[in-house]
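One structure is given here, and the rest of the page talks about it.
Nothing in this text is a laboratory measurement; each read-out follows from the coordinates by a stated rule. None of these values were measured; they are calculated from a predicted model. Glycine also receives a Cβ, built like all others from the backbone with ideal geometry; neighbour counts cover every protein chain displayed.
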Amino acid sequence: MSGQNATYLGFDAGEKRLGIAVGQTITQAARALTVMPCTHGQPDWDKLEALIDEWQPGAAIVGIPRHADGQASHSTRTAERFAGELARRTGLSVHRIDERLSSHAAAQALNARGQRSDVLDAEAASIILSTWLSEQSL
């Protein structure tokens, strides 16, 4: 991990939406930041790069979805493509993490708090990033 108080951005990449979260190593916590629309798995790269410039993350964490049995799916390919393009465009170190069931967990968390479902992808990104941050402290 880079630095005592590094900031990271987490991503839940899909065909139609990109959930984004921010977190820090000092708190080992993440919070939902925003949801960006995507076209065929591609966000507005100018807006995304502006967000990255704003937050200056030490690295990016991208959730890679898989079927329950671990097999790749169409969503796996979308997330892998996004992770590769993110690294290429930004020069950031991009860490991939298994995100099986993060969207389900995010939906449960939002329902429990009575929050809107339009932030589901950002909440899933928060869960992805929180999981990664907690694994770094082991």
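A few remarks follow.
- Counted by neighbouring Cβ atoms within 10 Å, the residues Leu48, Leu18, Leu92 run from fewest to most as Leu92, Leu48, Leu18.
- Ranked list, fewest to most other Cβ atoms within 10 Å of each Cβ, for Trp132, Trp45: Trp45, Trp132
- Counting only Cβ charges, +1 for Lys and Arg and -1 for Asp and Glu, the dipole size of region 7-136 around its Cα centre is about 160 debye.
- When Ile20, Ile128, Ile64 are arranged by Cβ crowding within 10 Å, least crowded first, meaning fewest neighbours, the order is Ile64, Ile20, Ile128.
- Under 5 Å, built H, 5+ apart or other chain: amide partners of Asp98: Ile64
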